[in-house]
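Worksheet for the structure shown next.
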Ligand code: F0G
């Protein structure tokens, strides 16, 4: 029986564009192939004639876009004989590293900032069986330590400074071009280390060079105001934001991301935490799509730029929703509990009354 229609992950699908060989053992969990959802209510609510799509990367196997890079990084680490991988992480990279290491049968070491990663990410990383080192420090300090220890110990770094990570992540752009038949006019992403914006630009540029698309998007990166080195024009030593995924002050892909901005004609901007949370809630409550706070920075920024006219009417916009809302239940619940939940007696009268009250 033919298996040809079975989706077996992004390396299999895009192997001609990725650095793998015919006999490479591929470490995959079926990542990629995520939904590109066209928003119907948000454009109407903001009263502008724009076409907004969200690329829901939260539906990857570990719930974030990191799986795209991790399938490549771990596949290559195993091919090169590595028995252990290591990363610093604000949570999603650690979950992905832990899962793909489990799949490969190797060890994952992860450095995470104590008390500053979302609960779902911690649960995943523990469950997948990684060796977790909580550091009394932030992501940037963890990243520095990872670079230093990898020079002295037999471990492969799987942060986005590992070039295979960006190779895997560029496939998100391939999928978008395939689905839209062209690149969008604007592609908006949340920016932390700036690996993902760099990877998307690589993907769009390759599609363009190969003649698959005949246009290129403007790349727009949004940061949290408390962790916005691209807006300050320099590194930030004490980054702080509720969007813990992008609580990063020393982006590893600094030069690359500035090149992306210049080459694509895009820009960087920043959002207050309150704006990020507002966009997260708007997306959930008006479109039924639940992303984590950091991810909502892409949509929140895009909405602001559409409203101001910086992104003109008639534009086709893609916003990457980098991670699933379930990653951070605490932040979600703390935003919603009062408004949407009450406790009642288990009687027909009480239930009926609640329905009538809420519909009136
Ligand atoms: N959104 C989410 C949900 C993330 O987890 C990250 C990065 C980003 C956006 C930013 O992407 O770094 O490529 O600019 N998370 C990393 C981690 C740092 O450790 O999980 P970037």
Could you list 189, 356 so that the one with the fewest beta carbons within 10 Å of its beta carbon is first and the one with the most is last? 356, 189
Once normalised by the length of the range 131-288, the mean sequence separation of its alpha carbon contacts under 8 Å that are 6 or more apart gives a contact order in percent of 22 percent
Compute the Cα gyration tensor for the range 209-316, then decide on rounded, prolate or oblate, letting a ≥ b ≥ c be the square roots of its eigenvalues: rounded whenever a/c is under 1.5, prolate when a/b is larger than b/c in the other cases, and oblate in all that remain. oblate
Contact order relative to length of the range 37-170, as percent, for alpha carbon pairs under 8 angstrom and 6 or more apart: 28 percent
What does the highest-first list of 38-50, 312-324, 133-145 look like by mean Cβ count within 10 Å? 312-324, 133-145, 38-50
With each run of n ≥ 4 DSSP H residues scored as -39500 (n - 2.57), what mean residue ellipticity at 222 nm is computed for the chain after dividing by its residue count and rounding to the nearest 500 deg cm²/dmol? -13500 deg cm²/dmol
Tell me whether the chain comes out rounded, prolate or oblate; compute the Cα gyration tensor, take square roots of the eigenvalues as a ≥ b ≥ c, and use a/c under 1.5 as the rounded threshold. rounded
Taking 0.36 nm per residue of sequence separation and subtracting the Cα-Cα distance, how much length would be gained by fully extending the chain between residue 210 and residue 4, in nm to one decimal? 71.7 nm
Once you order the gyration tensor axes a ≥ b ≥ c over the Cα atoms, which shape class does the range 63-158 get: rounded for a/c under 1.5, otherwise prolate or oblate by comparing a/b with b/c? oblate
Cβ neighbours within 10 Å, averaged per peptide: list 343-349, 104-110 in order, most packed at the top. 104-110, 343-349
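Readers should treat all values here as calculations from the given coordinates under stated rules, not as data from a laboratory. Remember, predicted model here, so these are calculated numbers, not experimental data. Cβ sites come from the backbone with ideal geometry, for glycine too, and all protein chains shown count toward neighbours.
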